[in-house]
Amino acid sequence: MARDDQLISRLEGLLGADAVRHTAEHLSDFLDPYPLGDAAEFAPGAVVSPSSVEEVQALVRLANELDVSLWATSRGKNNAYGGASPRVAGSVVVELTRMSRVLEVNEESAYAVLEPGVRFYDLYAHLRDNGHRLWASVPELGWGSVIGNGLDRGLGYTPYGEHGTKHCGYEIVLPDGELLRTGMGAMTDSQSFHLYQPGFGPSVDGLFQQSNLGIVVKAGVWLMPTPEAFIAVDVSVPEFADLEALIDGLRPLRLDGTIQSPAMIGEALGAAAHVGPRLPWYDGPGVAPESVVRTVMETFGIGRWTLFFGLYGSAARVAVDLEAVKRAFGSIPGVDIRSASYPGDAAQDEIHPLHRSRAGIPGMYAEHLTEWRERAPGTGSHTGFSPVLPLRGRDAIAAAHAIRARVEEYGFDYMGAFHAGQRYMNHIVELIWDGSDTAQVSAVRELFARLITDAAAQGHGEYRTHLAFMDLVAQQFDWNSHSLLRLQQTIKDAVDPNGILAPGKSGVWPARLR
């Protein structure tokens, strides 16, 4: 029996034939939806769908026996970063959509315990249908995994919007099939498994985010008690250069807690791309001129940059916080400050669609983004370049000018956004192209590599990236002869001596493939 046939036979014997896919037709759903070249570069060799922790453990043990690489994905919706595709072509993708139970919701302590197949839509529906006065934070696309998004340090728009920081207590299948519980869960019958993150001794939870050291099969996720009220706030400024004042007005409000949630700043062309194709606005070659941006601003009634966030708490508190916001930004020439107030328990249809993500309501707000440059339906593609910067106006405007110049040099429209934490911001730059145009595909791949090294020269590294650039991004973290990467490799070799789990994830390779 050929090795591949033996593998499929063993997988089917383990999970059942309906849980194993290996034909080209079936594997097509697990290719990178927006490849930066040939999709076969990161194509899986097979896809398996376990439905229990025990089956995941058995898969890992079989992979060690047969020397097969595994790549775990919760729901495979990591689009723009490679989707469900593995870093090493031919790997067996372990997709966890069948493990989709909400195992517990604790209203008293405001947390849920989930399996990795639970989507943001599923958790929202569970909380609503069971009358829980709790919110989950959501990203722009609600079809993804709650756990998977947090493991890749995804972001949302409520005070709980830094999703990875709101995980507490993992259950993990290690690369040898051993089952681990982190933090307080390491104690049998712990009463604080999902309440206290560090546990006793060295905390290891962070080792399993953007990681190839284990497969998370259960996680505690902290939820936000429903506030009495919230206010959706939009602050628009008219000029590109006003970004600096906007950021500097925001920073004190994030630091002192007036603005509790991560805040997003987007520019006008990006707002148009969220609606659909470029053609209604511009049908010429190359970069859309500034006149087009001005037309978008006038049509939508928005600024050159728009900052949006929520204010949360008692009705009295949010009213006071809104006045502080008006004072902070009111001196910017031409500023436009708009707000909409809602009770915390407002129903979905009572909240403006653009405000729902700030209330923990999932949707598909960004689903049209890829249509911006597509020549035919379904050929649009995108990826995100997202370096981390200090939350300072001068850093933001310098990065925006430099990256805009580089993006436009390659013939693409600059669509920059800034997702602001308390002391940092992710400069999320959407690169959108037509996947059927080989010249555009080649250009965006070359451009992306240039952006990585440009940013590193200014002291900025990415917080997440596409499969094709994981090695290059990891190489930018070079202090003391790459001491961080060397430690990560040492841990990888100790925990996964056969190197079977997600080799190359985040630039960390096992010894046999280094």
Helix-only estimate, please: 222 nm mean residue ellipticity of the chain, summing -39500 (n - 2.57) across DSSP H runs of length 4 or more and dividing by its residues, to the nearest 500.
-9000 deg cm²/dmol
Using a 1.4 angstrom probe and counting only protein chains, how large is the accessible area of Ile403 in Å², to 10?
20
Return the distance in nm (one decimal) between the two label points of a simple spin-label model at Glu108 and His26, each offset 7 Å from Cα along Cα→Cβ.
4.6
Counting every C-alpha pair in segment 21-143, the percent lying more than 19 Å apart is 54
So how much slack lies between Arg317 and Ser483, counting 0.36 nm per residue of separation and subtracting their Cα-Cα distance, in nm?
55.1 nm
What is the ratio of the Cα radius of gyration of segment 93-250 to 2.2 N^0.38 Å, with N the residue count, to two decimals?
1.17
Of the listed peptides 115-122, 469-476, what is their order by residue-averaged count of other C-beta atoms within 10 Å, with the highest listed first?
115-122, 469-476
List the trypsin sites (Lys or Arg not before Pro) within segment 412-478 that fall in a DSSP loop (any state other than H, G, I, E or B) and whose Cβ has at most 15 other Cβ atoms within 10 Å.
Arg423
Using all C-alpha to C-alpha distances in segment 370-514, build P(r) with 5 Å bins and read off the rounded percent in each one.
2, 9, 17, 18, 17, 14, 12, 8, 4, 1
So if each residue of separation counts as 0.36 nm, and I subtract the Cα-Cα distance between Gln191 and Leu279, what length gain in nm does that give?
25.9 nm
Using a 1.4 Å probe on the protein heavy atoms, what percent of the accessible area of segment 303-452 belongs to carbon and sulfur?
52
List the GluC sites (Glu not before Pro) within segment 191-281 that DSSP assigns to loop and that have no more than 15 neighbouring Cβ atoms inside 10 Å.
Glu228, Glu239
Tell me, what % of the accessible area of segment 22-154 is carbon and sulfur with a 1.4 angstrom probe?
44
Can you give me the C-alpha center-to-center distance between segment 187-222 and segment 64-125, rounded to a whole angstrom?
16
Under a 1.4 Å probe, what is the accessible area of the chain per residue, stated in Å²?
41
At 0.36 nm per residue, minus the direct Cα-Cα distance, what do Glu54 and Ile491 gain on full extension? Give it in nm, one decimal, please.
154.9 nm
Evaluated at 4 °C with a viscosity of 1.567 mPa s, what Stokes-Einstein diffusion coefficient in µm²/s does the chain have when Rh comes from the Kirkwood expression over alpha-carbon pairs?
54
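The values are calculated or read from the model by the stated rules, or taken from the named source; none is laboratory data. Given the structure is predicted, the values throughout are model-derived calculations rather than measurements. No Cβ is skipped: glycine too gets one built from the backbone with ideal geometry, and neighbour counts run over all protein chains shown. Only protein heavy atoms, including side chains, enter the accessible area calculation; ligands, DNA and RNA are left aside. Shrake-Rupley method; radii C 1.70, N 1.55, O 1.52, S 1.80 Å.
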